[in-house]
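S.K.: A single structure is presented below for examination.
FYI, it's all coordinate maths here, none of it is from the lab. Worth saying up front: this structure is predicted, and the values here are computed from it rather than measured. In this analysis, Cβ positions are derived from the backbone assuming ideal geometry, glycine residues included, and neighbour counts consider all displayed protein chains.
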Amino acid sequence: MCLGAVTAARAETAPVDSLSVGEIQIRQRSIFSAEEEQSGTLLVGTVRRLMNRLHFNTRKWVIRRELLFRTGEPLRPNLLAETERNLRTLGFLNDIRVQPTDTLAGGRVPVEVSLRESWSLRTDFSYTQASGGDSRWNVQMSDNNFLGYGVTMGAGVGGDEDAGFWNLWYRQRRFLGTELYFGMDDRERDDGYIREIFIHRPFWAEGDRWGLETRYWDHSLNERYYLSNGGPAGVDPERPSSLYALLSRREKGAEISVLLRAGRSDEGRIWRPGLGARWTETRLDPGAGSRVLSDGCVMDLAWLAGPDQPLGRDDGTTVWPYFRLHTRGRGWTKERFILHYGAVEDINLTPVADVKVGPVLAALGTDTASGEDRWRAEGIWEQWVVSGPGVILLHGSAEAEWGAAAADYHRYSLLAGWMGHWGAEDTPWLTRAFAEYGHGQALVGSRAFTLGLDQGLRTLEFDGMAGDRLLRWTLEEGKVLPGEMLGMFRYGLGAFFASGAAWWQDEDRDSGDARHEVGFGLRFGPTRSANAATGRIDVVWDLDHGDGPVLTATTQGFF
């Protein structure tokens with residue numbers, strides 16, 4: 001008999017009665033098939049053949065170690081589906097199918113793992129110039145499947161609006177044959193450095209009993225510290241542009257958390273309670289004497305270090321032990337043209353939450369906020385919902401401290417969006433509608449909400465507006481075009497309207513002073529590459545001031 005009908009009819013997590021996993025066959029396909037190498041123009045065919053020859057196929061043992069089932073074990077259809085999802089998260093495999101074939105004598109069921117290789121070597125050059133002239137550029141080379149071993153490593157040079165830099169990074173799953181995930185980053189900047197290292201033991205499967213997260217970081221750089229135009233540093237409380245000073249920031253920190261699975265491993269909601277602790281040592285230096293602010297004014301910022309200021313609250317050592325709870329369900333669906341431009345995407349249709357809460361105590365070494373004891377909490381929540389020809393995304397994040405007047409603050413944001421597609425399956429019309437609201441109180445300047453080129457409004461600077469309030473929304477209609485550029489990229493067109501504002505509570509501004517813009521441009525995403533980010537190249541006009549057009553390029557965020 002054919003097991004396809006059985007597994008289609010049975011979605012239970014329990015094993016299919018009397019059936020067990022038989023031989024496991026891994027069928028790997030090249031980036032381009034032999035037929036694809038011969039099709040197309042001479043140039044396209046040559047490029048495809050060259051990519052196939054230069055690419056190192058993934059080692060079979062790298063794939064096998066990700067499988068959640070073994071020959072002889074009871075056949076569980078849910079583990080086949082979970083394995084397929086896990087292989088997609090690797091980022092360097094495409095067209096993945098994990099499925100049983102016919103049932104053999106004795107109830108043994110062979111399982112085939114079918115997949116296609118992706119081009120994992122990336123040589124990128126990016127350049128982005130905001131409307132005011134600030135630019136960001138980056139040249140990097142990376143490979144997230146180095147020599148077929150599933151290792152990520154890369155290097156690059158570049159510059160942002162404040163400093164030039166060079167950076168190195170490394171990632172390895174199943175580090176040295178263990179269950180650990182290891183990574184490190186080193187970014188050396190003209191104004192300092194950013195160095196980070198982590199060692200995790202992830203939940204490799206939904207049924208895993210425990211997980212571990214550890215990380216250490218050391219940052220030293222000049223940081224944009226945002227100030228209110230309605231505060232002591234401001235000149236005009238109606239000024240619509242962000243105001244900031246470059247402050248020297250040095251931060252070292254470490255964090256560890258351990259989670260344990262509670263409840264059954266094979267059905268029901270997944271609950272993972274645990275404990276953790278975070279230690280940070282922060283030094284923010286407003287400097288002695290006067291500084292030039294972003295609006296050209298000169299001011300002595302020594303007042304920022306006062307005990308009633310957020311900077312004074314965060315400067316020093318903080319030790320935070322916490323209780324942590326992570327939870328999610330098991331309801332998954334597959335979609336396309338949601339966050340990526342054509343690749344298969346796995347979406348969890350059940351609420352996902354991750355919450356940390358605990359005391360910040362002077363007895364443990366805390367001296368921030370004058371060493372006053374208080375409580376701290378952080379959390380994120382996310383929910384996807386199928387709605388008509390698309391999906392709704394609801395996402396929230398929040399952090400807060402309370403219990404001491406010198407430390408009380410909060411910051412939260414709520415995001416809602418609908419992403420729909422209809423028409424031809426492979427060349428659909430795409431609609432995107434998103435809105436976000438952010439609210440904060442007594443925020444340190446480095447935690448202000450910003451609005452700009454990478455965050456909602458393309459005719460602004462990268463951080464053209466800033467504050468403890470944020471409201472933005474956008475509507476985009478697009479069309480995926482037929483064919484693949486060089487057999488590697490899907491592409492299409494999009495037109496959009498966007499609006500938004502960020503402001504401080506004490507400024508003479510509010511959501512009624514939102515900025516508005518319209519634009520259109522190219523959308524594209526790789527189909528044979530390990531990089532799944534959707535690129536956007538747009539021509540944009542500012543509707544409020546008649547400025548434009550501005551040419552922008554971004555690959556970040558929902559909108």
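S.K.: Just name one of 307, 63, 497: the one whose Cα is farthest towards the positive end of the charge dipole of the chain (beta-carbon charges, Lys/Arg +1, Asp/Glu -1).
M.R.: My answer, from the dipole projection, is 63.
S.K.: To make sure I understand the rule: partners must be lysines, Cα under 21 Å from the Cα of residue 479, and not fewer than 8 residues away in the same chain. Which ones qualify?
M.R.: By straight Cα distance, residue 479 reaches 334.
S.K.: Can you spot the lysines whose alpha carbon is less than 28 Å from residue 356's alpha carbon? Ignore those fewer than 8 places along the same chain.
M.R.: Answer for residue 356, where 28 Å is the Cα cut-off: 252, listed by chain and number.
S.K.: Same structure, new question: Toward the positive end of the charge dipole of segment 81-208, about the Cα centre and with charges on Cβ (Lys, Arg +1; Asp, Glu -1), which of 150, 107, 181 goes farthest?
M.R.: Among 150, 107, 181, the one farthest towards the positive end of the dipole of segment 81-208 is 107.
S.K.: Still on this structure, please answer the following. Relative contact order, percent, of the chain when contacts are C-alpha pairs under 8 Å separated by at least 6 residues?
M.R.: Working: 1467 pairs, mean separation 50.1, N = 559.
Computed over the chain, the figure is 9 percent.
S.K.: Determine the sum of side-chain charges near residue 201: Lys and Arg each +1, Asp and Glu each -1, restricted to other residues whose C-beta is under 10 angstrom from that of residue 201. List each step's numbers first, then the result.
M.R.: On the way: positive: none; negative: 179, 208, 213.
Every neighbour counted, the sum reads -3.
S.K.: Would you mind counting up the charge near residue 124? Only other residues with Cβ under 14 Å from its Cβ, with Lys and Arg at +1 and Asp and Glu at -1. Can you show the working numbers first?
M.R.: Working: positive: 122, 136; negative: 143.
Summing Lys/Arg as +1 and Asp/Glu as -1 gives +1.
S.K.: So if I place +1 on the C-beta of Lys and Arg and -1 on the C-beta of Asp and Glu, and nothing else carries charge, what would the dipole magnitude of the chain be about its Cα centre? I want it in debye, nearest 20. Each step should come with its number before you reach the end.
M.R.: Values: 62 positive and 77 negative charges, 540 e Å.
The dipole magnitude comes to about 2600 debye.
S.K.: Multiply the residue separation of residue 262 and residue 298 by 0.36 nm, subtract the distance between their alpha-carbon atoms, and state the gained length in nm to one decimal. Intermediate results must be reported in sequence, preceding the final value.
M.R.: Numbers: separation 36, 0.36 × 36 = 12.96 nm, distance 5.72 nm.
Taking 0.36 nm per residue and subtracting the Cα distance, the gain is 7.2 nm.
S.K.: Compute the FRET efficiency between residue 138 and residue 105 as 1/(1 + (r/R0)^6), taking r as their Cβ-Cβ distance and R0 = 45 Å, and round to the nearest 0.05.
M.R.: Working: r = 58 Å, r/R0 = 1.30.
The computed FRET efficiency comes out at 0.15.
S.K.: Hey, another quick one. Tell me the label-point distance for the pair residue 481, residue 545, using the 7 Å Cα-to-Cβ offset, in nm and rounded to one decimal.
M.R.: 3.2 nm
S.K.: Let me ask something else about it. Just to confirm my numbers, what's the Cα centroid distance between segment 356-421 and segment 152-206 in Å?
M.R.: Using only Cα atoms, the two centres lie 25 Å from each other.
S.K.: Name the residue farthest towards the positive end of the dipole of the chain from the options 74, 522, 317, assuming +1 on Cβ of Lys and Arg, -1 on Cβ of Asp and Glu, about the Cα centre.
M.R.: Positive-most Cα among the choices belongs to 74.
S.K.: Same structure, new question: Under the Karplus relation 6.51 cos²θ - 1.76 cosθ + 1.60, θ = phi - 60°, what is the ordered set of whole-Hz ³J(HN,Hα) values for segment 251-268, x standing for Gly and Pro?
M.R.: 9, 10, x, 8, 8, 9, 8, 10, 10, 10, 6, 10, x, 6, 8, 10, 7, x
S.K.: For percent of Cα pairs over 39 Å apart, which listed value, [x] 34; [y] 31; [z] 40, comes from the coordinates shown?
M.R.: Answer by label: [x].
S.K.: For residue 248, list long-range residues whose amide hydrogen, built 1.01 Å from N in the peptide plane, is under 5 Å from its own amide hydrogen.
M.R.: 223, 285
S.K.: To the nearest 20 debye, what charge dipole does segment 188-238 have about its Cα centre, counting +1 at the Cβ of each Lys and Arg and -1 at the Cβ of each Asp and Glu? Intermediate results must be reported in sequence, preceding the final value.
M.R.: Values: 6 positive and 11 negative charges, 65 e Å.
Roughly 320 debye for segment 188-238.
S.K.: While we're here: I need the chymotrypsin sites (Phe, Trp or Tyr not before Pro) found in segment 37-114, filtered to DSSP loop residues with at most 15 other beta carbons within 10 Å of theirs.
M.R.: Numbers: sites: 56, 61, 69, 92; in loops: 56, 69, 92.
Here the sparse-neighbourhood loop sites are 56.
S.K.: Please list, by residue number, every one of the GluC sites (Glu not before Pro) in segment 385-439 that is coil in DSSP and has at most 12 other beta-carbon atoms within 10 Å. Please list the in-between numbers first.
M.R.: On the way: sites: 399, 401, 425, 436; in loops: 425.
When the GluC sites (Glu not before Pro) of segment 385-439 are filtered for loop state and at most 12 Cβ neighbours within 10 Å, 425 remain.
S.K.: Within 12 Å, Cβ to Cβ, of residue 491, how many net charges do the neighbouring residues add up to if Lys/Arg are +1 and Asp/Glu are -1?
M.R.: On the way: positive: 479, 490, 523, 536; negative: 484.
Net local charge, residue 491 excluded: +3.
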